[in-house]
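Taking it in order: structure first as structure tokens, then the write-up.
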Amino acid sequence: MTHALIDRLMTELGYPEISLENHDAFIQQPGLNVLFFPGDPDTVKDATDVAVVLPELVAAFENRLNPGIVADTFGAGMKLKRQYGFTHYPSLVFVRDGEYVGTITRIQDWGDYLAKISAMFTAPVRRAPGFSVPVVAG
């Protein structure tokens, strides 16, 4: 389920919709790639706010961000959500040259976005939090 403001990102602005089939190719693009996980806009109050802010962020960083939209919240989106290990929607997941860098969840103040995203360009890559099961020795 999507919303007109989320659909606009794909139809008018040309941001690709990310699925399991094209995810790996998308994150392998050079530069800083951002996956927008809006969640279900009927239940996630900030989803449309971030949908409005994302193009402004792309412009503020002079198109150095490569945005993609994970619109399928319950199918591919759920699998990718587990892979990246974030717990709240909406989320912006940052991947640089195929490697996880970090996640920003929920709506933020403009200055916070600018500072956090600026840091993502040079932050060391790391393992995505992902879903893990604790190992118990018995």
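Give the number of residues within the range 57-71 that are without any contact (Cβ under 8 Å) to a residue 12 or more places away in the chain and either of a type in the set (D, E, K, R) or under 9 Å from residue 15 (Cβ atoms) (or both).
2
Scan the range 69-85 and give yes if some residue there is over 22 Å from residue 7 (Cβ atoms), of a type outside the set (Gly, Ala, Ser) and in contact with a strand residue (DSSP E or B) (Cβ under 8 Å, 6 or more places away or on another chain), otherwise no. Yes, there is a match, as at least one residue in the range 69-85 is over 22 Å from residue 7 (Cβ atoms), of a type outside the set (Gly, Ala, Ser) and in contact with a strand residue (DSSP E or B) (Cβ under 8 Å, 6 or more places away or on another chain).
Do we find a residue being touching a Ser or Thr at 6+ places or on another chain (Cβ under 8 Å), buried (at least 18 other Cβ atoms within 10 Å of the Cβ) and at pLDDT below 90 anywhere in the range 122-138? Within the range 122-138, not a single residue is touching a Ser or Thr at 6+ places or on another chain (Cβ under 8 Å), buried (at least 18 other Cβ atoms within 10 Å of the Cβ) and at pLDDT below 90. Could you tell me which residue of the range 51-81 is modelled with the lowest pLDDT, considering only residues that are more than 19 Å from residue 128 (Cα to Cα) and among the small types (Gly, Ala, Ser)? Checked the range 51-81; the qualifying residue modelled with the lowest pLDDT is 75. Taking the range 33-47, which residues are over 9 Å from residue 90 (Cβ atoms), of a type outside the set (Lys, Arg) and surrounded by fewer than 20 Cβ atoms within 10 Å (Cβ to Cβ)? Answer for the range 33-47, where residues must be over 9 Å from residue 90 (Cβ atoms), of a type outside the set (Lys, Arg) and surrounded by fewer than 20 Cβ atoms within 10 Å (Cβ to Cβ): 40, 42, 43. Within the range 89-110, the presence of at least one residue that is assigned to a helix (DSSP H, G or I) and either more than 18 Å from residue 6 (Cβ to Cβ) or touching a residue at least 12 places away in the same chain (Cβ under 8 Å) (or both) is confirmed.
Is one or more of the residues making up the range 72-81 hydrophobic (A, V, I, L, M, F, W, C), under 25 Å from residue 124 (Cβ atoms), touching a residue at least 40 places away in the same chain (Cβ under 8 Å) and not in a helix (DSSP H, G or I)? Don't jump to the end; show me each part of the working.
Here is the first cut: in the range 72-81, the ones hydrophobic (A, V, I, L, M, F, W, C) are 74, 76, 78, 80.
Filter once more, so that each one left must be under 25 Å from residue 124 (Cβ atoms): 80.
Checking the rest, the ones that are also touching a residue at least 40 places away in the same chain (Cβ under 8 Å) come to 80.
Checking which are not in a helix (DSSP H, G or I) leaves us with none.
No: the range 72-81 contains no residue that is hydrophobic (A, V, I, L, M, F, W, C), under 25 Å from residue 124 (Cβ atoms), touching a residue at least 40 places away in the same chain (Cβ under 8 Å) and not in a helix (DSSP H, G or I).
Residues that are within 13 Å of the chain's Cα centre (by Cα) and among the charged types (D, E, K, R) within the range 54-70 are absent altogether.
The values are calculated or read from the model by the stated rules, or taken from the named source; none is laboratory data. Remember, predicted model here, so these are calculated numbers, not experimental data. Heads up, the Cβs are rebuilt from the backbone with ideal geometry, glycines too, and the neighbour counts pull from every protein chain shown.
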